[in-house]
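Comments concern the structure below.
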Amino acid sequence: MNAYVQSGPQVLLTAALWFWPSLLACYGAGRPLAALCPLDERAGSGALRAVLALSMGLFVLSLWVFAAGSLGLIGPVTLAAFIPVGVFMALARTDLGRVCSAVREGWTRLSGLDRCILAGGAALAALTYVAAHAPESANDSLAYHLYFPKLYVDAGRLVHDATHPRSLWPSLMGMLYTAGLSAQGVALAKLYSWTTAVLAVSGTTAAAVYLSRSAEAGRVAAILVGTVPALWMQSFCAYNDNAMALYVLVAAVMLYLWVRSGYGAARSLAAGASLAALLSVKYYTFVPAAVLSIGVLCAMCADRSTALPRKVGSAVLVVLSTTALCGHWYLRSWLATGNPVFPFAAPLFGGEGFSQRMVGFAELPKTPLNFLLLPWNTAMRVDELGGEPIGCLWLAALPCLVTLRSAAGFARAAAAAAAALLSAWFLSIQHARFLLPALPVLGLVWADCARCWRALEPPRRAGRILLAILGLIALTQTALAAYYPARYVPAALGTPPAAAHLMGAERTYAALSRLSEHLGERDVLVFVTEPRLFYSPVRAILLSPLSERLAAVAGQDLAGWLRSQGATHFLTTDRGERSPWTEAALRSGLHRLVVAEASVDVEAAGEKCRYTLWTWSPEARGQAR
């Protein structure tokens, strides 16, 4: 358990020694893919080209780790072998003097306001970079984002935890986390999540400048996307939502350029690779992928200047390249369970018969009124939508949309895509962080509309008032975005030490550090009402609805199935008003077959709860014999 509990200056140094060379290697590995989608030489092209190369390079690294894991070669050598190859590709045919000159020339062209925005963004990025070195305490990171990579590192290969419903989800970021854990630890793993946040902001800014041909649009995009608190809250945790935002942007840009170019073969491969990266992040990315694909299909149908065979052939190439580069995730799930998208769509694919809903979750009633109030609700009712604040700058900037009709063609297309993404979010999973994929697309819309707004030359006084309001909101959101990571900087620097920080910040670590003396090396711990498995000192099983289904398939009751899995202990918690036992455990009578071995009271992150460690009762052991 202590192998992943580290912090302090030494951790910052060792993580940096791995991270920055690996980032350069990703740039080198992704540059050939980005080169398949050439950009015209104009303002923003250099930055956008670099973002596309880095983004696709992260995708290539994930494929590298997946291949290594399939061959049983996961370890420090996985990343160590990737770095020199990628660095060579990055430095080959690169004129460093020309690059430095371009950077200096770009800096001199920046206005004072541009430099202030860049300095503020760099400070926020630096703050979250340091915060990422704090020991992990975020819920989803500990429940599965880091838990499965930990299993892969321990086994030295990719493994399938058949008892966990999320074990087969596509996981581009999971492969990056695996590379980080195997080479250095949690800090390096989380830095790849940080990278996706920085690239999402930088990419939206560069794309706005490039597509709008306006530095003004770039400023607006940088402020609108770069001050979203939820994005920076995710950046120093091992979450996947920023990766969704990044690859929605990358796919949107590459698909748009593919259509505008006349459906060239090379751009088809690039567009397919970008869609493959998007579909490798998580299952929810089917939603933005479908939205983008439908938009492209509409554009193809409206295009009368290109021959139908060329369009069809190019589209087939996009589909084939997408399938080739991300199909392994869905093939893996299908081979293991008979369902390529397990645990979803069980009525369609069968598989294990267990089904988890994706559509139907609602934090707010799905009424026409709430749909119309969606901008207000996402800005002002964030506590009812998961708690991650999106901010209200989007709401305040709504007046700029009056110029949408005169905006560029890409902005109108982006507006349609954004409307579809928001509608899909409203109808599916109403959680604030699932809005992040729509933010870069919205950023492009607002950026070009703001350019058009300035072109209208609104009354000077009204314009100054609006700018003052937007500026105040932007500063407030930036302060809020900085507040969250700033709380973790002391822990990242080792004050307090990592273990002491987790004792007060993460409930499962605090509980298991005191209960681990009752667990032997070969024991198997069943987490009954606690999803955070990462800090378990022994093999863990998550008790979930899947467990009940697997027991039924095996023709056993739940207790018998758990015995067959080697379960020796059970961990329950009575957080808040929750029962320490799940409904499945109560139905099966599992709670009557165990006895309490030890209990601890824990107070972490302002939350008080009691954890109880149970073991089989003498009667249950007798029945097992």
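The values are calculated or read from the model by the stated rules, or taken from the named source; none is laboratory data. Worth saying up front: this structure is predicted, and the values here are computed from it rather than measured. Positions of Cβ are generated from backbone atoms using ideal geometry, with glycine treated the same way; all protein chains shown enter the neighbour counts. Heavy atoms of the whole protein, side chains included, go into the accessibility calculation; ligands, DNA and RNA do not. Shrake-Rupley method; radii C 1.70, N 1.55, O 1.52, S 1.80 Å.
Working ranking of peptides 328-336, 189-197 by packing, defined as the average number of other Cβ atoms within 10 Å per residue, highest first, is 189-197, 328-336. Ordering Ala252, Ala289, Ile83 by Cα displacement along the dipole of the chain toward the positive end leaves Ala252 in first place; charges were set at the Cβ atoms of Lys, Arg (+1) and Asp, Glu (-1). Summing Cβ point charges (Lys, Arg +1; Asp, Glu -1) relative to the Cα centre of the stretch 130-271 gives a dipole of roughly 400 debye. When Ile429, Ile223 are compared by accessible area at a 1.4 angstrom probe, the order from most to least is Ile223, Ile429. Pairwise Cα distances in the stretch 491-625 exceed 27 Å for 22 percent of all pairs. From its DSSP helices (H runs of at least four residues, each -39,500 (n - 2.57)), the chain gives a residue-normalised ellipticity at 222 nm of -20000 deg cm²/dmol. If only the Cβ of Lys and Arg carry +1 and only the Cβ of Asp and Glu carry -1, the dipole of the chain around its Cα centre is close to 1600 debye.
Using a probe of 1.4 Å on the protein chains alone, the accessible area found for Ile74 is around 20 Å². Reported value for the stretch 367-439: 91 Å³ per residue, from the convex hull of its C-alpha atoms. Beta bridges per DSSP, both residues in the chain: antiparallel share near 70 percent.
The dipole here belongs to the stretch 447-543: it is taken about the Cα centre, uses +1 on the Cβ of Lys and Arg and -1 on the Cβ of Asp and Glu, and is about 600 debye.
In the assembled protein chains, Phe527 presents an accessible area of approximately 0 Å² (probe radius 1.4 Å). The figure for Asp114 is an accessible area of roughly 30 square angstrom, using a 1.4 Å probe on the protein chains alone. Against the longest alpha carbon principal axis of the chain, how many degrees, from 0 to 90 and to the nearest 10, is the axis of helix 215-226 turned? Approximately 10 degrees, to the nearest ten. Which cysteines in the chain lack any other cysteine whose Cβ sits under 4.7 Å from their own Cβ? For the chain, the answer is Cys26, Cys37, Cys100, Cys116, Cys237, Cys298, Cys301, Cys326, Cys392, Cys452, Cys609, because their Cβ atoms have no other cysteine Cβ under 4.7 Å.
Sorted from longest to shortest, the spans of the Cα atoms of the stretch 25-78 along the three principal axes equal 46, 18, 11 Å. Accessible surface computed residue by residue for the stretch 363-479, with neighbouring protein chains in place and a 1.4 Å probe, gives 49 Å² per residue.
The mean accessible area for residues of the stretch 71-204, using a 1.4 Å probe and ignoring ligands and nucleic acids, is 38 Å² per residue.
Ranked by solvent-accessible area (1.4 Å probe, protein heavy atoms only, all chains present), the residues Ile117, Ile294, Ile469, Ile390 order from largest to smallest as Ile294, Ile469, Ile117, Ile390. Seen against the Cα atoms of the chain and their longest principal axis, helix 45-70 is set at about 20 degrees. In percent, rounded to a whole number, the relative contact order of the stretch 364-487 is 28, using alpha-carbon pairs under 8 Å and six or more apart. Starting from the stretch 437-546, pick out the trypsin sites (Lys or Arg not before Pro) whose DSSP state is loop and whose Cβ has at most 15 other Cβ atoms within 10 Å. Answer by residue number: Arg487, Arg522. Shown for the chain: lysine pairs separated by 8 or more places, or found on different chains, whose C-alpha atoms are under 30 Å apart, numbering 7. Of Thr378, Leu542, Ala554, which is farthest on the positive side of the dipole of the chain, counting Cα position, with +1 on Lys and Arg Cβ, -1 on Asp and Glu Cβ, and the Cα centre as origin? Farthest towards the positive pole: Thr378. Using every pair of distinct Cα positions in the stretch 149-206, the Kirkwood expression returns a hydrodynamic radius of 12.6 angstrom. Does anyone have the angle between helix 76-91 and the longest principal axis of the chain? Alpha-carbon axes, 0 to 90°, nearest 10? Roughly 10 degrees, rounded to the nearest 10. Over the chain, what percent of the accessible surface lies on carbon and sulfur atoms, probe 1.4 Å? Its accessible area is 64 percent carbon and sulfur atoms.
Across the protein chains, with a 1.4 Å probe defining accessible surface, the residues Trp561, Trp376 rank Trp376, Trp561 from largest area downward.
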